[in-house]
Amino acid sequence: MCSFYEEGIHASHADLIAQLEYAMERCPGEAVIKIFTSGSFFDEREIKSGTRKEIMERLNADRRVRKVIVESRPEFVTHKNISPCMDILESPLDRFTEGESERSLGTRPKFEVSIGVETSDDLIRDRCINKGFSFTDFIAAAEIARECGSGVKAYLLLKPPFLSEHDAIEDTIRSVEEVSEHVSTISVNPCCVQRATKVHELWKNDEYRPPWLWSVVEVLKRAKEVVRDTIIMSDPVAAGMKRGPHNCGKCDSAVRNAIRRFSLTQDNRVFDDLGCDCKEIWGKVLDLEDFAFGLPLVT
Ligand SMILES: [Zn+2]
């Protein structure tokens, strides 16, 4: 489902620092900085340790920065890679001018490592996603990040190929429960159709449909009832479009907005007033799609 391998090019130290400068010039005020590498921030082949160091130093010196989020596969989440970042963020600093030093302790940027564990089910991660690591690997990496003083965020993939809508919902809710004790934040990412992928091939043959937005709502609502202390969020890519998570077309923007409100407020009452004729069709899909071995009944 991931086409980033087609899109990446080599970026030098100077390129990456220029990107950071470009972004920070446009940063309007206090900010959480998410470095979205679509890969691994701690992978030396993607970002050299010297570049990582400079990025962290610049962000630490910038008083607008409240939190820095990076992403990585578990095998790169090591003490050797994380500790230097934490050391920079924890160093006392010229971050604040004289007289402000009292504040500096509480206002140092926090650090968070995001890991795309996708599901807590090893069989689904292996056969439907082809991710190449186990749930045990994820837990070990989360443990290391926490030992280093970093927060941990998990990405979950809602509805990889070869699962029915119903099984996909149950997989993600179970994953939220099983992942929650290892992380502070969970991001539910509904699968979308990217070019030059297996999912694209299946989708063209009517053998894959991205999840319904009703399924995202169902996951967020039920998961929040079980896991109250973990932040659960979702910012669906391509929501309301054929290649992204969608409903009937009429209700998509209202449902998408409710999902955004939930991510900000963690209050699942934002879903109470949602309704549409297509919700009944979605319910039938949940009942019947297993009989079609996960083939989509409605596009
Ligand atoms: Zn609808």
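Given points 7 Å out from each Cα along the Cα-Cβ axis, report the residue 257 to residue 90 separation in nanometres with one decimal.
Here the answer is 4.5 nm between the modelled labels.
Could you grab the relative contact order for the chain? Cα pairs under 8 Å, six or more apart, rounded to a whole percent. Mind dumping the intermediate values first?
Working: 471 pairs, mean separation 44.5, N = 299.
It comes to 15 percent, rounded to a whole number.
If I model a spin label as a point 7 Å beyond the Cα along the Cα-Cβ vector, how far apart are those points for residue 279 and residue 22 in nm?
Distance between label points: 4.3 nm.
Grab the Cα-Cα distance for residue 75 and residue 7, subtract it from 0.36 nm times how many residues apart they are, and report the gain in nm with one decimal.
22.2 nm
Would you mind checking 159/250; 110/198; 53/110; 48/110; 80/110; 48/153 for any pair whose Cα atoms are more than 27 angstrom apart?
Values: 159/250 22 Å; 110/198 37 Å; 53/110 16 Å; 48/110 22 Å; 80/110 19 Å; 48/153 23 Å.
Table pairs above 27 Å Cα-Cα are 110/198.
Could you give log10 I(q)/I(0) at q = 0.12 Å⁻¹ for the chain, computed by the Debye formula over C-alpha point scatterers of equal weight, without solvent?
So the normalised log intensities are -0.84.
At R0 = 35 Å, how high is the FRET efficiency between residue 295 and residue 122 if r is their beta carbon distance? Nearest 0.05 is fine.
Details: r = 25 Å, r/R0 = 0.70.
With R0 = 35 Å, the Cβ-Cβ based efficiency is 0.90.
How about the chain: what cysteines have no other cysteine beta carbon under 4.7 Å from their own?
2, 27, 85, 128, 148, 191, 192
Name the residue farthest towards the positive end of the dipole of the chain from the options 144, 19, 246, assuming +1 on Cβ of Lys and Arg, -1 on Cβ of Asp and Glu, about the Cα centre.
It is 19.
With the crude spin-label approximation of a point 7 Å out along Cα→Cβ, what separation in nm comes out for residue 225 versus residue 66?
3.1
Around residue 132, what is the net charge, scoring Lys/Arg as +1 and Asp/Glu as -1 over all other residues with Cβ under 14 Å from its Cβ? Could the numbers behind the result be given before it?
Working: positive: 73, 125, 127, 131; negative: 43, 75, 118, 122, 126, 137.
Spelling it out: positives minus negatives among the neighbours equals -2.
What's the local net charge at residue 176, with K and R +1, D and E -1, over the other residues with C-beta under 14 Å away?
Here the charged neighbours net out to -4.
GNM, the chain, Cα, under 10 Å: largest mean-square fluctuation among 17, 231, 186?
Greatest mean-square fluctuation among the candidates belongs to 17.
Within 13 Å, Cβ to Cβ, of residue 239, how many net charges do the neighbouring residues add up to if Lys/Arg are +1 and Asp/Glu are -1? Let's see the in-between values first.
Details: positive: 242, 243, 256, 260; negative: 235, 252.
Summing Lys/Arg as +1 and Asp/Glu as -1 gives +2.
Using the Kirkwood radius over C-alpha pairs as Rh, can you work out the diffusion coefficient of the stretch 107-242 via Stokes-Einstein at 4 °C, viscosity 1.567 mPa s, in µm² per second? The partial results should precede the final answer.
Working: Rh = 15.4 Å.
In µm²/s, the coefficient is 84.
The numbers here are math on the coordinates, done by the rules we state, and not lab data. Keep in mind it's a predicted model, so treat the numbers as computed, not measured. Note that we place each Cβ from the backbone using ideal geometry, even for glycine, and neighbour counts take in every protein chain shown.
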